[in-house]
Amino acid sequence: MEFINNIFVNIAGLVRWVFNWLLGWLGLPLGLTDVLMTAVYWVAIVVVCVLCALFYVIWERKLAGYIQRRPGPNRLGPNGWLQTIGDAIKLVMKEDIVPDKADKPVHLLAALLAFVPPMLALAAIPFGEGMAALDLKLGVVYVLAVTTLASLPVLLAGYASNNKYSLIGGMRVVNQAISYEVPQAFALLSVIMVAGTFNLTEIVHFQQQHLWLVFVQPLAFVVYIISAVAECNRAPFDLPEGESELTAGVFTEYSGMRYALFYLAEYCNMFVAAGLATTLFLGGFSGPFLPGWLWFILKTFVIMSVFIWVRWTLPRIRADYVLSFCWKILVPLTLLNMLVTGVVLYLI
Amino acid sequence: MQILQTLTFWALGGLLLLFALGTLIFRNMIHAFLSFMAALLCVAGIYFSLQADYLGGVQVIVYAGSVAILIVLALFLINRSAADMRQTNKWRHKWLTSILAAILVGGSLAGAIFYTHFSGWPLAMDTADIAPLPYTELADGLLNQYVIAFETVAALLLAALVAAIVTSSKMEPEPLEAGEKTE
């Protein structure tokens with residue numbers, strides 16, 4: 001049991017031992033192990049990113065099917081579960097069309113950069129006890145900072161495509177991301193006030209000792225989930241690609257693999273948001289019987305399913321409602337929540 | 001940890017210089033902004049590698065994150081298509097101003113470096129020796145002791161922003177409605 005719980009930590013320890021042995025054998029300085037281990041961590045994060053994206057794309061299509069009382073994709077593989085892999089192969093083989101008047105280097109760069117913010121954020125999220133690649137003292141600040149950057153590749157895509165629909169979509173992304181960052185940060189702040197630490201692992205330990213913070217800060221949890229949906233540009237906040245007004249929004253001029261990168265990055269961003277919600281509100285990797293990392297996966301799965309459920313239930317909101325909802329309802333609510341939290345903490 | 005830190009320091013430092021140069025020499029304004037953002041991220045990376053988590057996070061949120069707004073404002077103010085964006089970064093033509101700014105900034109930086117007493121070259125520094133930043137003291141200083149100075153700076157920056165927009169855009173009076181009177 002203990003072994004399965006720590007299986008990934010043990011594997012990392014084994015890899016480190018092998019590197020140490022190899023470097024000693026080659027006569028190189030042992031400090032290089034850290035450099036090599038950093039590379040191993042990054043590879044692991046990339047693998048997690050890709051696996052998540054592949055799984056959640058098909059899960060979204062399946063769940064959407066169930067919600068709409070249809071089978072969903074059910075041809076490729078057992079009950080259609082290999083559909084995403086087939087789609088990915090199709091997108092790779094498609095022609096990569098770049099508009100003639102586009103800003104070509106930025107057009108490419110935007111697609112490549114889309115994956116960077118979620119990968120950087122995943123590095124700090126603890127998947128299990130001692131399973132964070134970067135166990136920063138200020139993990140929450142780091143994750144918030146890195147997820148701020150997620151809107152930039154989409155804006156660049158909008159600008160570089162040299163297309164009016166794309167540009168409007170890109171502007172909307174920034175508009176939305178900047179607005180919803182404010183209630184999101186405030187919601188997380190009230191959690192930090194209760195836990196008394198910025199370190200993600202310590203916040204999980206706090207919840208192990210006391211109780212899940214979702215019961216202490218239910219309002220912050222709801223606000224966080226809403227702003228996470230808005231930051232990931234998902235319905236009902238999917239105005240940047242709102243197909244009824246903007247063709248395909250920012251992605252109008254993207255095709256083939258470049259489009260696939262954006263599409264997969266969206267799921268990685270969602271996974272980061274779900275992972276952060278799990279860590280901060282749902283007790284992270286803590287839970288009885290099962291190993292910690294499995295609890296983490298299960299909890300993120302539930303939150304991801306909620307994201308998908310919301311998407312297939314609610315219609316798209318009008319642009320001005322999106323902003324007035326953020327600034328007139330969410331921001332005052334979170335400020336009030338912070339005030340109440342502060343007063344209660346002061347009195348206790 | 002020493003080797004990793006040294007490697008990151010030199011790699012990020014080199015990239016930082018390259019991107020800073022790129023900010024000046026790219027002809028397309030958007031490319032210059034991107035290069036500027038990359039330079040800011042390099043600085044954040046150096047902060048992180050020196051265990052200054054808070055400073056790194058703030059650097060990313062406040063500086064690198066706001067480049068997106070910079071790009072949006074630029075696209076609003078400069079009405080050109082993406083293909084016609086060359087010659088939007090005009091700094092290369094203002095060489096006199098550039099040299100003056102370089103001398104001023106470089107001179108003050110050099111002075112600051114010259115008069116600071118360093119305990120060791122960055123490479124010889126051991127991160128274990130650095131005391132963790134007392135965040136509570138920082139918060140107390142910013143929001144209690146020096147709160148008026150802090151807020152004044154914020155107000156000043158806002159005024160500068162508004163002034164920049166007002167001076168850079170020619171605002172024409174809106175045409176009068178049919179029934180409206182002139183004053």
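The values are calculated or read from the model by the stated rules, or taken from the named source; none is laboratory data. Not measured: the values here are computed from a predicted model. So basically every Cβ, Gly included, is an ideal-geometry build from the backbone, and we count neighbours across all protein chains shown. Ligands, DNA and RNA are excluded from the accessible area calculation, which covers all protein heavy atoms including side chains. Shrake-Rupley method; radii C 1.70, N 1.55, O 1.52, S 1.80 Å.
Looking only at region B:32-39, decide whether some residue is of a type outside the set (Ser, Thr, Tyr), under 23 Å from residue A:35 (Cα atoms) and not assigned by TED's automatic domain parsing to the domain that holds residue B:135. Checked against the condition, which is being of a type outside the set (Ser, Thr, Tyr), under 23 Å from residue A:35 (Cα atoms) and not assigned by TED's automatic domain parsing to the domain that holds residue B:135, region B:32-39 yields at least one hit.
Entry remark, region B:59-76: residues being open to solvent by 30 Å² or more (accessible area, probe 1.4 Å) and at the interface with chain A (Cβ under 8 Å from one of its Cβ atoms) number 2 in total. Among what's in region A:116-146 and is of a type outside the set (A, V, I, L, M) and open to solvent by 30 Å² or more (accessible area, probe 1.4 Å), pick the residue that is nearest to the chain's Cα centre (by Cα). Only one residue fits best here, namely A:127. For region A:239-254, filtering for residues that are modelled with pLDDT of 80 or more and surrounded by fewer than 17 Cβ atoms within 10 Å (Cβ to Cβ) leaves 0. Among the conditions (1) of a type outside the set (D, E, K, R); (2) under 26 Å from residue A:193 (Cα atoms); (3) crowded, with 21+ Cβ neighbours inside 10 Å, the only one that residue A:286 does not satisfy is (3). The single condition among (1) buried (at least 20 other Cβ atoms within 10 Å of the Cβ); (2) of a type outside the set (Asp, Glu); (3) at pLDDT 80 or above that residue B:16 does not satisfy is (1). Residues in region A:74-119 that are touching a helix residue (DSSP H, G or I) at 6+ places or on another chain (Cβ under 8 Å) and polar (S, T, N, Q) were compared, and the one that is farthest from the other protein chains (Cβ to nearest Cβ) is A:74. Just one of (1) open to solvent by less than 70 Å² (accessible area, probe 1.4 Å); (2) on the phi < 0 side of the Ramachandran plot; (3) part of a loop (DSSP other than H, G, I, E, B) fails for residue A:72. It is (2).
Do we find a residue being away from chain B (no Cβ under 11 Å), outside any helix (DSSP H, G or I) and open to solvent by 20 Å² or more (accessible area, probe 1.4 Å) anywhere in region A:215-238? Within region A:215-238, one or more residues are away from chain B (no Cβ under 11 Å), outside any helix (DSSP H, G or I) and open to solvent by 20 Å² or more (accessible area, probe 1.4 Å).
Can you spot a residue in region A:88-103 that is assigned to a loop (DSSP other than H, G, I, E, B), on the phi < 0 side of the Ramachandran plot, in contact with a Leu (Cβ under 9 Å, 6 or more places away or on another chain) and surrounded by 13 or more Cβ atoms within 10 Å (Cβ to Cβ)? The answer is yes, given that some residue of region A:88-103 is assigned to a loop (DSSP other than H, G, I, E, B), on the phi < 0 side of the Ramachandran plot, in contact with a Leu (Cβ under 9 Å, 6 or more places away or on another chain) and surrounded by 13 or more Cβ atoms within 10 Å (Cβ to Cβ).
Beta carbons closer than 7 Å, at least 6 apart along the sequence or on distinct chains, pair a first residue in region A:182-207 that is hydroxyl-bearing (Ser, Thr, Tyr) with a second that is outside any helix (DSSP H, G or I) for A:190/A:217; A:201/A:126; A:201/A:132; A:201/A:135.
Pairing residues of region B:1-25 that are away from chain A (no Cβ under 14 Å) and in contact (Cβ under 8 Å) with a residue 24 or more places away in the chain with residues that are open to solvent by 90 Å² or more (accessible area, probe 1.4 Å) and assigned to a helix (DSSP H, G or I), at Cβ distances under 8 Å and at least 6 apart in sequence or on separate chains, gives B:24/B:91; B:24/B:92; B:25/B:92.
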